[in-house]
Amino acid sequence: MTSDVAEGLLGSVGAINVYPIKSAKGTALERGVVTATGLEYDRRWLVVDDDGRFLTQREDPRLCLVTPTIAGDDLTIGAPGMHDVRLPLGEQDGERRMVTIWGDEVEAVMAPASVGEWFSDFLGSRYHLVRMPGSWRREVDPTYSVPADQVGFADAFPFLIISQASLDDLNARLVAQGLEALPMNRFRPNLVIDGCPPFAEDGWRRVRIGEIGFRVLKPCARCVITTTDQNTGRTSREPLRTLASYRKVGTKVMFGQNACHDQEGELRVGEAARLVG
């Protein structure tokens, strides 16, 4: 047995991704700051309709064409054919309203009306952009979590972890059918782990990356968003059709693992991921 195996080495961090606006494009980071709700700025902003109901690519795939960019003290938002708009990354005062995400009622701060108009013009219907204030606490499902766990506007958990080998396995199956290989952005993970076997993450329970511990809590059930080309907004039947042939549990297709973290701190690309329990 090698010393690496003895020390529980699983692999290393191949990518860190943050998604400032839920369902918009992500940003790859070399270093990610981990806060109480997950990666800093991850899913802190949300597009909602007049009734405060959240919007995702499930309802409008064109959200994938919205590109939020973290630059200095600002979040710059762009999209094809649109001028850029900017918001401060720091929290700002503004009108507050309650919004709904997956049955949770969350207090949110409205972005300036001009930003809502930008989204309305691009998407073709009336929408607003809101931010979750740091003072608000959205708890993780207590079935899987501990009382300290909280999350921003992500669907349910602060982190989604996928191994690169799992995507490579899927792509080999797609290519064998004469189909194109797909990029990892179809699955929108926060952390990609290199150097482990395909679907090794299914068996992980407690993992440490740097100084931060993670509890790997449940598989991620995949939805129609995975069938949307994140560069064009066009949809197809893949990869759900192929995944369903070997990753179906009951009526759901599983790919990746949801996780909560035990500490705040920093994560860096290249750091070792180790099994601790």
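The values are calculated or read from the model by the stated rules, or taken from the named source; none is laboratory data. Remember, predicted model here, so these are calculated numbers, not experimental data. Reconstructed Cβ throughout: ideal geometry from the backbone, glycine too, with neighbour counts over all protein chains shown. What goes into the accessible areas is simple: the full protein's heavy atoms, side chains included, and nothing from ligands, DNA or RNA. Shrake-Rupley method; radii C 1.70, N 1.55, O 1.52, S 1.80 Å.
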*Quick one: check the C-alpha center-to-center distance for the range 74-140 versus the range 160-234, whole angstrom.*
28 Å
*If you line up the long axis of helix 113-123 against the longest principal axis of the chain, both from Cα atoms, how many degrees apart are they, to the nearest 10?*
60 degrees
*Cα gyration tensor of the range 114-174, axes a ≥ b ≥ c as square roots of the eigenvalues: rounded (a/c below 1.5), prolate (a/b > b/c) or oblate?*
oblate
*Angle between the Cα long axis of helix 164-176 and the longest principal axis of the chain, 0 to 90 degrees, nearest 10?*
90 degrees
*Among Val192, Val34, Val249, determine the one that fluctuates most according to a GNM of the chain built with springs between C-alpha atoms less than 10 Å apart.*
Val249
*Tell me which lysines have Cα within less than 17 Å of Lys218's Cα, excluding those fewer than 8 residues away on the same chain?*
Lys248, Lys252
*Looking only at Ser163, Ser23, Ser236, which one moves most when the chain is put into a Gaussian network model with springs between Cα atoms under 10 Å?*
Ser236
*Report the GluC sites (Glu not before Pro) located in the range 191-268 that are in a DSSP loop and have at most 14 other Cβ atoms inside 10 Å of their Cβ, or state none.*
Glu211, Glu264
*asked:* What does the net charge come to around Pro239 if you take all other residues with beta carbon closer than 12 Å to its beta carbon, with K and R at +1 and D and E at -1?
replied: +2
*asked:* How much length would be gained if the chain were fully extended between Ala113 and Asn231, taking 0.36 nm per residue of separation minus their Cα-Cα distance, in nm to one decimal?
replied: 39.7 nm
*Among residues other than Glu139 whose Cβ falls under 10 Å from its Cβ, what is the net charge (Lys/Arg +1, Asp/Glu -1)?*
-1
*Give me the number: length gained by fully extending Glu264 to Thr27, i.e. 0.36 nm times residue separation minus the C-alpha to C-alpha distance, one decimal in nm.*
83.3 nm
*Overall form of the range 25-69 per C-alpha gyration tensor (a/c, 1.5; a/b vs b/c)*: oblate
*asked:* Using DSSP to call loops (not H, G, I, E or B), can you name the trypsin sites (Lys or Arg not before Pro) in the range 206-277 whose Cβ has at most 13 other Cβ atoms within 10 angstrom?
replied: Arg234, Arg237
*Could you pull out every one of the aspartates and glutamates with an alpha carbon less than 12 Å from that of Lys22, ignoring same-chain neighbours closer than 8 positions?*
Asp42, Asp155
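Given a 1.4 Å probe, how much area per residue of the chain is accessible, in Å²?
Values: 12620 Å² over 277 residues.
Each residue of the chain exposes 46 Å² on average to a 1.4 Å probe.
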*Can you give the calculated 222 nm mean residue ellipticity of the chain, where each DSSP H run of n ≥ 4 adds -39,500 (n - 2.57) and the sum is split over every residue, rounded to the nearest 500 deg cm²/dmol?*
-3000 deg cm²/dmol
*Multiply the residue gap between Asp84 and Trp102 by 0.36 nm, knock off their C-alpha separation, and tell me the result in nm, one decimal place.*
3.5 nm
_Average Cα contact separation per residue, the chain, under 8 Å, 6 or more apart, as relative contact order %_ = 25 percent
